[in-house]
1. Kindly indicate whether B:R5 is modelled with pLDDT of 90 or more and surrounded by fewer than 21 Cβ atoms within 10 Å (Cβ to Cβ).
2. Restricting the search to segment A:1-54, which residues are outside any helix (DSSP H, G or I) and either over 16 Å from A:A258 (Cα atoms) or of a type in the set (S, T, N, Q) (or both)?
3. Which residues, taken from segment B:33-46, are open to solvent by 20 Å² or more (accessible area, probe 1.4 Å) and within 14 Å of chain A (Cβ to nearest Cβ)?
4. I want to confirm something. Restricting to segment B:271-288 and keeping residues that are open to solvent by 60 Å² or more (accessible area, probe 1.4 Å) and among the aliphatic types (A, V, I, L, M), which single residue is modelled with the lowest pLDDT?
5. Go through segment A:158-177 residue by residue and tally those that are open to solvent by 20 Å² or more (accessible area, probe 1.4 Å) and either within 13 Å of chain B (Cβ to nearest Cβ) or among the aliphatic types (A, V, I, L, M) (or both).
6. In segment A:1-45, which residues are aromatic (F, W, Y) and open to solvent by less than 100 Å² (accessible area, probe 1.4 Å)?
7. Quick check: anything in segment B:274-293 touching a Leu at 6+ places or on another chain (Cβ under 8 Å) and closer than 20 Å to B:Y224 by Cβ?
8. Please find, among B:T54, B:T30, the residue that is open to solvent by 50 Å² or more (accessible area, probe 1.4 Å), assigned by TED's automatic domain parsing to the domain that holds B:Y224 and either β-branched (V, I, T) or under 15 Å from the mean Cα position of the chain (by Cα) (or both).
Amino acid sequence: MEGHSTLKAFGRVTAIVLIGILFLFPLYWMITMSFKPQSEWNPIGKTIWWPQNPTLDNYKQVLGLTNQNTQFFQASSTDATQPIIHSFIAAGGGTILALVAGVLAAYGIARFRAGGKMLPFQILQLRMFPPVAIIIPLLIMLAYIHLFDTFWGLWLVYGAVTFAFVVWLMRSFFQELPREIGEAAIVDGCSQWGAFFKAVLPNVKGGLAATALFVFILNWSDFVIALVLTTDKTTTAPVFLNSLQSAAAGQEYGPQAALGLILILPPAILGLAIQRYLVRGLTFGAIKR
Amino acid sequence: MASIRLDQLTKDFGGLLAVDHVDVEIEDGTFLALLGPSGCGKTTTMNMIAGLETPTSGEIYFGDRPMSRVPPGKRSVGFVFQNYAIFTHMTVAQNLSFGLRVRKPRPSKTEIDSEVKRVAEVVGLGSMLQRKASRLSVNDMQKVALGRSMIVKPSIFLLDEPFSNLDAAFRAYMRAELKHIQHEIGQTMVYVTHDQVEAMGMADQIAVMNLGELQQFAPPLEIYNRPSNKFVAGFVGSTRINFLPAEKVAVPAPKGTDGGSVTLAIRPEYIGLVDPGSAEATITAKVDLVEPLGATDVIHLSWNRYDIRAIGRPGARPRIGDNIGLVFPFRHLLFFDDQTHEAVNGPYQA
């Protein structure tokens, strides 16, 4: 029996390590790549596992800290600060829009059964289309109303695309909350809106934080929508990352990796900041109290 | 303070008649209990009184004023919910003052503070005003709920099974406290419960409901001694009342509708216990089980396939398997029509 359970433990640890390697390897590769000089990016016939001449040039380049390109002739800008700011504005605005509409819709559905039994599924169905399938019609529509390559255009599309997530996540939080919370506030003299903002919403703030982060990450990491709906005025960071290539160097792996790492930071920092709510928020709906 | 009148009050949830033409009228200062099994419509009735549900038809009057178009916050009611419904993101003090803070015009801060202190003393939360409500024990949460509804000085207090989640000792304590408060300030209270002991012990008037219909509306002792139908007789009483077919028992019984059969009912504590062969005995039954409760014993007996419960004294406890004679005093017998289940004029005398 003793030997048997040791074997089992060994098998379990091995599985954890293998799966861990599988998932962490791309991150490892991206981190090391971001510190490699151009000569080590993709040398023919060699694999470089660790930067031999570590450099911060890739970071300096994407953050616009070097004025002139020291490595090769560059036709387009490699400075990613503008796209990063665009990404914040686009993802943040889209998230706020989705939250405002989604939270209210979720409360209506959870508490007043607004729209009948099927409405939540009809909303969910919005997510069944792959973005690629609707992106061309969206492009045409936005062009018609002069919202192509504008933040309003991105906000509307991001808001609409992530609306379903907000509704579904928040609906379960509202359903978990005893309806008496809102009713108690109403009996005490609040209006329906007052009860919602003063009593109901503060009680689901953990879920709200988790939902906001989740939606922000979705919008932040979007590539396809921004690729099609923006050109230069509102280019977002992922689209910009893809454009980091040149005739001389081909794919600019170093700056791409550096920018990729920078783009991981905001969701990671936000996640840590609201961690207290996050664990509760994400497990909230899963536990029957 | 206000009297309450429910006039043909009805709530229809899309084909489900939750409350069916209920008429109840209580005077100012009355403690009314809405008693019934779960799903009987008592909470829906309560929600309509509070304004959380709109009646499908019928009307609610506070005094002479029809209320169904008055929003909940303007009805001057205090509501205590079964699951407390306290705001866990606030402190105890913030919870207590909530009703005052959302009021327009908003009272001054010193006014609010002194009210919070006063109410906290009444419900026994004086020492924990600054504590987060989410950190309270269940018992203290219910005190917060009670205090929060008291602070607005409502003219009517509505309590929806407020103590059913509390442990037995604290429940008894709170029951006594509530009765005390009610007695002291003469507050009109409506108390929803499925626990007939609570209703009997606290209420001035009891409205027994079942399946949305009002079964009987009367003071506790009348409900207990003169139940209007078989449901009320069976639902009220901590040891269940005994039902037996009247024709099998040698007692003079009235006739039912169209001369039909009737059921005889007798409360366990009215059954006299005598020796099996005694001439007084109405029937002789066999002892199945004895439940000692301390002050009394509940004796389970069987007679002709019928279960009978009687109350005995611990000093004269029969043994299982013994035969004993049961005396059914004529004046305590109740009779119910087997077709309508309504009470048939029996010989009951108080």
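The values are calculated or read from the model by the stated rules, or taken from the named source; none is laboratory data. It should be emphasised that the depicted structure is a prediction, and the values quoted were computed from it without experimental measurement. FYI the Cβ positions are ideal-geometry reconstructions off the backbone, even for glycines, and counts take in every protein chain you see. Surface accessibility is based on the protein's heavy atoms, side chains included, excluding ligands, DNA and RNA. Shrake-Rupley method; radii C 1.70, N 1.55, O 1.52, S 1.80 Å.
1. It is true that B:R5 is modelled with pLDDT of 90 or more and surrounded by fewer than 21 Cβ atoms within 10 Å (Cβ to Cβ).
2. A:M1, A:N42, A:P43, A:I44, A:G45, A:K46, A:T47, A:I48, A:W49, A:Q52, A:N53 - these are the residues of segment A:1-54 that are outside any helix (DSSP H, G or I) and either over 16 Å from A:A258 (Cα atoms) or of a type in the set (S, T, N, Q) (or both).
3. B:T43, B:T44
4. Ranking the qualifying residues of segment B:271-288, first place goes to B:A279.
5. Result for segment A:158-177: 4.
6. Of everything in segment A:1-45, those that are aromatic (F, W, Y) and open to solvent by less than 100 Å² (accessible area, probe 1.4 Å) turn out to be A:F25, A:Y28, A:W29, A:F35, A:W41.
7. So far as segment B:274-293 goes, no, none of its residues is touching a Leu at 6+ places or on another chain (Cβ under 8 Å) and closer than 20 Å to B:Y224 by Cβ.
8. B:T54
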